[in-house]
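J.: My structure is below; once you've seen it, I'll send some questions.
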Amino acid sequence: MNHWKNRWAGIAIAGLTLTCLMTACGTSGSSTASSSAASAVNTSGSVETGDSTSASRDVFAMDTYMTVKAYGANADQAVDDAENEINRLDKLLSTGSDTSEVAEINENGGGTLSSDGQYLMKTSLALYKSTGGLFDISIYPVMQLWGFPTKDYKVPDKDEIANTLKLVDASKIEYDETTGQVSFAQKGMEIDFGGIAKGYTSSRVMEIFKQDGVTSGLANLGGNVQALGTKPDGSSWRIAIRDPDDESKYLGVISIADKAVITSGGYERYFEQDGKTYHHIIDPRTGYPAESGIKSATVVSSDGTTADGLSTSLFIMGVDDAETYWRAHSDEFDMILMDDDNHLYVTEGIADDFEGSYDVTVVKKADS
């Protein structure tokens with residue numbers, strides 16, 4: 001354990017649902033504050049050093065463990081406000097709560113979205129269009145069929161999948177941006193913002209930090225990592241990306257400032273039946289877990305919401321289509337892909353900031 005700490009000192013972890021990693025977890029809502037040059041280990045597994053007042057908060061929300069950390073004179077207020085915002089968005093967006101906005105819209109076949117819901121709907125429909133339908137918030141009925149929301153897992157038969165897929169088509173979501181009204185063209189359609197909710201939440205945490213005068217901070221929402229500025233000493237945040245085959249190892253480390261690092265992989269949620277593993281990233285074209293040749297897709301972007309949605313979409317696309325998509329949108333994000341042969345593909349915008357031990361192909365804007 002000490003060897004692990006020394007090797008990964010100063011590194012936060014992306015692509016991992018946290019379960020009391022490296023240190024004992026505090027209870028939800030616990031916080032710590034300090035003003036010293038001593039190292040402090042938080043539950044995200046990162047080690048921070050600096051001569052700055054800091055505060056951290058551990059929160060359980062959106063079915064995962066989260067940690068937010070802020071530096072500066074208003075650090076305590078910032079983490080208080082961040083926790084309140086995380087809990088607010090959890091109640092608003094959770095499909096598991098009958099009183100959430102999303103659950104009520106699904107139950108009623110439509111309704112009026114809040115400002116948060118409007119932003120998420122607009123972003124979701126834009127991603128649906130740009131990814132050729134691979135990011136589709138109307139996939140929820142198929143997710144339910146497989147049992148992923150309730151963890152009551154089963155492998156549906158082909159007819160069940162074919163019938164349920166008739167409900168999956170985000171182009172049939174009728175949305176009025178002026179009024180925030182949403183309805184479904186087909187009865188039985190349901191939506192779920194789970195594919196971008198944590199990315200949106202981490203971006204909101206960054207905005208709250210800024211409003212509270214914080215210029216350096218980090219949010220780790222179940223492995224979705226977003227950083228505000230640099231570390232207090234001016235150095236970059238170092239984010240480790242989990243190896244999809246071994247949760248105790250990492251496929252590499254990316255150095256960032258003012259960016260989100262969000263990873264999707266089949267290891268996040270899965271079940272086994274009759275000797276076969278089924279993961280939760282469903283291809284909306286087939287209704288089955290995606291088999292694209294990619295086992296880990298990481299997106300690095302200044303926009304956490306977009307990064308969250310794209311990490312899922314790229315995972316479904318496969319390497320070739322993901323490279324083509326990136327070249328058309330390289331001003332919006334960079335990516336790190338691992339294929340089934342453990343080969344990495346890193347886009348040139350972040351190639352100099354990435355380090356790892358696997359073989360790497362640098363993906364360039366000009367296809368050569």
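Residue-wise test of (1) buried (at least 18 other Cβ atoms within 10 Å of the Cβ); (2) closer than 15 Å to Pro289 by Cα; (3) modelled with pLDDT under 95.
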site: Asn106; (1), (2), (3): yes, no, no
site: Gly109; (1), (2), (3): no, no, no
site: Leu113; (1), (2), (3): yes, no, no
site: Gly117; (1), (2), (3): yes, no, no
site: Ser124; (1), (2), (3): yes, no, no
site: Leu127; (1), (2), (3): yes, no, no
site: Leu134; (1), (2), (3): yes, yes, no
site: Ile137; (1), (2), (3): yes, no, no
site: Tyr140; (1), (2), (3): yes, yes, no
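J.: Just give me the residues in the stretch 205-251 being under 21 Å from Phe333 (Cα atoms), assigned to a strand (DSSP E or B) and of a type in the set (S, T, N, Q), in sequence order.
T.: Within the stretch 205-251, Asn220, Asn224, Gln226 qualify.
J.: Right, another one. Quick one: would you say Ser357 is over 30 Å from Arg204 (Cβ atoms), open to solvent by 10 Å² or more (accessible area, probe 1.4 Å) and small (Gly, Ala, Ser)?
T.: Taking the combined requirement at face value, the residue satisfies it.
J.: Let me ask another. Can you tell me which of (1) closer than 19 Å to Ile86 by Cβ; (2) in contact (Cβ under 8 Å) with a residue 12 or more places away in the chain; (3) not hydroxyl-bearing (Ser, Thr, Tyr) is the one Glu207 doesn't meet?
T.: (2)
J.: While we're looking at this one, here's another question. Only one of (1) part of a strand (DSSP E or B); (2) farther than 19 Å from Ile239 by Cβ; (3) hydrophobic (A, V, I, L, M, F, W, C) fails for Ile191. Which number is that?
T.: Tallying (1) part of a strand (DSSP E or B); (2) farther than 19 Å from Ile239 by Cβ; (3) hydrophobic (A, V, I, L, M, F, W, C), Ile191 fails exactly one: (1).
J.: Being in contact with a Ser or Thr (Cβ under 8 Å, 6 or more places away or on another chain) and at pLDDT below 55: is that true of Gly26 here?
T.: Numbers: in contact with a Ser or Thr (Cβ under 8 Å, 6 or more places away or on another chain): yes; at pLDDT below 55: yes.
Yes, satisfied.
J.: How many residues are part of a helix (DSSP H, G or I) and either out of contact with any Lys or Arg (no Cβ under 7 Å at 6 or more places or on another chain) or free of Cβ contacts under 8 Å to residues at least 12 places away in the same chain (or both) if we restrict to the stretch 277-330?
T.: The first filter runs over the stretch 277-330 and keeps only residues part of a helix (DSSP H, G or I), leaving 304-317, 319-328.
Within this subset, residues satisfying the condition of being either out of contact with any Lys or Arg (no Cβ under 7 Å at 6 or more places or on another chain) or free of Cβ contacts under 8 Å to residues at least 12 places away in the same chain (or both) are 304-307, 309-317, 319-326, 328.
So the answer is 22.
J.: Can Thr201 be described as among the polar types (S, T, N, Q), in contact with a strand residue (DSSP E or B) (Cβ under 8 Å, 6 or more places away or on another chain) and either open to solvent by 30 Å² or more (accessible area, probe 1.4 Å) or part of a strand (DSSP E or B) (or both)? So that I can check it myself, show each step before the final result.
T.: On the way: among the polar types (S, T, N, Q): yes; in contact with a strand residue (DSSP E or B) (Cβ under 8 Å, 6 or more places away or on another chain): yes; either open to solvent by 30 Å² or more (accessible area, probe 1.4 Å) or part of a strand (DSSP E or B) (or both): no.
So Thr201 fails the test.
J.: I've got another one for you. Somewhere in the stretch 232-251, is a residue at positive phi and open to solvent by 10 Å² or more (accessible area, probe 1.4 Å)? Can you show your working first?
T.: The initial filter retains those residues of the stretch 232-251 that are at positive phi, namely 234.
Remaining after also requiring open to solvent by 10 Å² or more (accessible area, probe 1.4 Å): 234.
So far as the stretch 232-251 goes, yes, one or more of its residues are at positive phi and open to solvent by 10 Å² or more (accessible area, probe 1.4 Å).
J.: Also: All but one of (1) over 20 Å from Phe148 (Cβ atoms); (2) at pLDDT below 95 hold for Asn224, so report the exception by its number.
T.: (1)
J.: Just give me the residues in the stretch 252-268 being buried (at least 18 other Cβ atoms within 10 Å of the Cβ) and outside any strand (DSSP E or B), in sequence order. Let's see the steps before the verdict.
T.: The initial filter retains those residues of the stretch 252-268 that are buried (at least 18 other Cβ atoms within 10 Å of the Cβ), namely 252-254, 256, 259-268.
Scanning the stretch 252-268 gives Lys259, Gly265, Gly266, Tyr267, Glu268.
J.: I need the full set of residues from the stretch 155-182 which are open to solvent by 40 Å² or more (accessible area, probe 1.4 Å), of a type outside the set (Val, Ile, Thr) and over 30 Å from Phe271 (Cα atoms), in order please.
T.: Ser171, Lys172, Glu174, Tyr175, Asp176, Glu177, Gln181
J.: Do you know which residues across the stretch 347-363 are under 18 Å from Glu332 (Cα atoms), free of Cβ contacts under 8 Å to residues at least 24 places away in the same chain and part of a strand (DSSP E or B)?
T.: Answer for the stretch 347-363, where residues must be under 18 Å from Glu332 (Cα atoms), free of Cβ contacts under 8 Å to residues at least 24 places away in the same chain and part of a strand (DSSP E or B): Thr347, Val362.
J.: Next up: Could you tell me how many of the residues in the stretch 253-288 are at pLDDT below 95, more than 20 Å from Arg242 (Cβ to Cβ) and among the small types (Gly, Ala, Ser)?
T.: Total satisfying the criteria: 1.
J.: Can I ask one more? If you go through the stretch 66-104, how many residues are within 18 Å of Pro149 (Cβ to Cβ), among the charged types (D, E, K, R) and either open to solvent by 70 Å² or more (accessible area, probe 1.4 Å) or in contact with a His (Cβ under 7 Å, 6 or more places away or on another chain) (or both)? It would help to see each step written out before you state the result.
T.: Within the stretch 66-104, the first condition is being within 18 Å of Pro149 (Cβ to Cβ), and the residues that meet it are 89-104.
In the following step, the residues that additionally are among the charged types (D, E, K, R) were identified as 90-91, 98, 101, 104.
Now narrow it down to the ones that are either open to solvent by 70 Å² or more (accessible area, probe 1.4 Å) or in contact with a His (Cβ under 7 Å, 6 or more places away or on another chain) (or both): 91, 98, 104.
Qualifying residue count, the stretch 66-104: 3.
J.: Here is a list of conditions, (1) outside any helix (DSSP H, G or I); (2) open to solvent by 20 Å² or more (accessible area, probe 1.4 Å); (3) in contact (Cβ under 8 Å) with a residue 40 or more places away in the chain, and Ala366 meets all of them except one; can you say which number that is?
T.: For Ala366, the exception is condition (3).
The values are calculated or read from the model by the stated rules, or taken from the named source; none is laboratory data. Being a predicted model, the structure only gives us computed values, none of them experimental. Using ideal geometry, Cβ is built from the backbone for each residue, glycine included, and neighbour counts are taken over all protein chains shown. Protein only, heavy atoms only, side chains kept; ligands, DNA and RNA dropped before computing areas. Shrake-Rupley method; radii C 1.70, N 1.55, O 1.52, S 1.80 Å.
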